[in-house]
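K.L.:
Got a structure for you, questions after.
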Amino acid sequence: MDNGIVLITGGFGSSSSIFASAELYSPTTGIFTVTGSMNIARGQHTATLLHNGMVLIAGGFGSSGDVASAELYDPASATFTTTGTLNTSRVFDTATLLNNGMVLIVGGVSPSNASLVSGAKRKISRQIRRSRTFPHHFFHFSLDKYVCIMAHIIHET
């Protein structure tokens, strides 16, 4: 976050449990501090620091499967508040804060929506073939997801 504190949210336990808890980590002191909990337990989600200092938590995998919901963490009140819903639930995606304050969420896979996997693979493959190069923004946003998507497809066949 803006003050150098790191927000750690959700994740998975050793008994396949999924956490809604959150902690703050101070790199200067090495201390973890419990903060508010998310409204939905989730792992493999994105966390994006917004211009206003809040953190957007989106998507991920929850106890009922993949999650399309999103929440905002407010460091001033140490609380999470539900906000909009993704059009398609996804995990292993990327979320990037744009200069205009919007968040671009791309890539990933959706266990309950196989078309997201194959559609994303086709789109990325076409972009690679057309460009024949890897522009920095394409490499950063998509190439790592292409590897995950291919691994997922190979595993399913």
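K.L.:
Go through (1) more than 20 Å from Met102 (Cα to Cα); (2) under 16 Å from the mean Cα position of the chain (by Cα); (3) not basic (Lys, Arg) and name the single condition Glu71 misses.
P.N.:
Condition (1) is where Glu71 drops out.
K.L.:
Return the residues of region 7-48 that are in a strand (DSSP E or B), out of contact with any Asp or Glu (no Cβ under 7 Å at 6 or more places or on another chain) and exposed (fewer than 12 other Cβ atoms within 10 Å of the Cβ); say none if nothing qualifies. Please lay out each step first, then the result.
P.N.:
Within region 7-48, the first condition is being in a strand (DSSP E or B), and the residues that meet it are 7-12, 18-26, 31-35, 43, 46-48.
Applying the additional criterion that residues be out of contact with any Asp or Glu (no Cβ under 7 Å at 6 or more places or on another chain) yields 7, 9-12, 18-26, 31, 43, 47-48.
Result: Ile31, single match.
K.L.:
OK, next. Quick one: is Leu98 more than 17 Å from Glu23 (Cα to Cα) and among the aliphatic types (A, V, I, L, M)?
P.N.:
Details: more than 17 Å from Glu23 (Cα to Cα): yes; among the aliphatic types (A, V, I, L, M): yes.
The answer is yes for Leu98.
No lab work stands behind these numbers, since they all come straight from the coordinates. For clarity, every value in this text was computed on a predicted model and none was experimentally measured. Using ideal geometry, Cβ is built from the backbone for each residue, glycine included, and neighbour counts are taken over all protein chains shown.
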